[in-house]
Each structure stands twice: as structure tokens, then as C-alpha cells.
């Protein structure tokens, strides 16, 4: 059975809908929050106060200065892991506060 040109996968349709209504960042920010503990571990998740995405920058507020410093060494790895988990390159950089 072949597809017609006007048919799209459900995932593709959802992507188009999110983009059309400007909801991409909010959707992916919620997905990052959902997966944060699995990606970073429970110790980091407990000390994370907030997570948001703004213009491709993942902004993470960490309550521990020592942990913030430790995470700053692995920013590129954090970007790579999150983008891989989401299946789209939405995060370009990480800012730790």
C-alpha cells in the first residue's frame, strides 16, 4: 500500500503543528523536564530548581555552586544527550545559573 503525497506520519504532523503555532520550545522544555532525571541522574535532579529553553539555549538553575561548576565542564555532552533523547536538534547551548 503506498502513501499519497498529502499523507504524513503522526510525528511529522505533530512537528508541523507545533511549529505552526509556535509551541515548539514549550513542548521540548516539558520533554527536557520529564527526561532530566534520567539523563543527569537523581543527585543533579534534586538540586535543579528550574529548566527552560529560550532561543535554543537550555537555561538550568542549579542551587549548588559546586554542582554548577562541575556541570559547566560537560555542557557539550549535556546538549548532545538532550538532543539525542528528543530526536531533534533543539538545544544549541547550555547556560547554568
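Nothing in this text is a laboratory measurement; each read-out follows from the coordinates by a stated rule. Computed from a predicted model, the values in this text were never measured in an experiment. Cβ coordinates were reconstructed from backbone atoms using ideal geometry, including for glycine residues, and neighbour counts include every protein chain displayed.
One table, with the values for the structure above:
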| read-out | value |
| --- | --- |
| Acute angle (nearest 10 degrees) that the helix 24-40 long axis makes with the longest principal axis of the chain, alpha-carbon atoms | 50 degrees |
| Estimated FRET transfer efficiency (residue 8, residue 81; beta-carbon r; R0 35 Å; 0.05) | 0.80 |
| Length-normalised contact order for the chain - Cα pairs under 8 Å, 6+ apart - percent | 25 percent |
| Helix 75-86 vs. the chain, principal-axis angle (Cα, 0 to 90°, nearest 10) | 30 degrees |
| Span from the the range 47-72 Cα centroid across to the the range 26-40 one, whole angstrom | 13 Å |
| Counting DSSP beta bridges with both ends in the range 24-96, the antiparallel % (nearest 5) | 60 percent |
| Cβ-derived FRET efficiency at R0 22 Å, residue 33 paired with residue 64, nearest 0.05 | 0.75 |
| Nitroxide proxy distance, nm - points 7 Å out along Cα→Cβ at residue 16 and residue 88 | 1.4 nm |
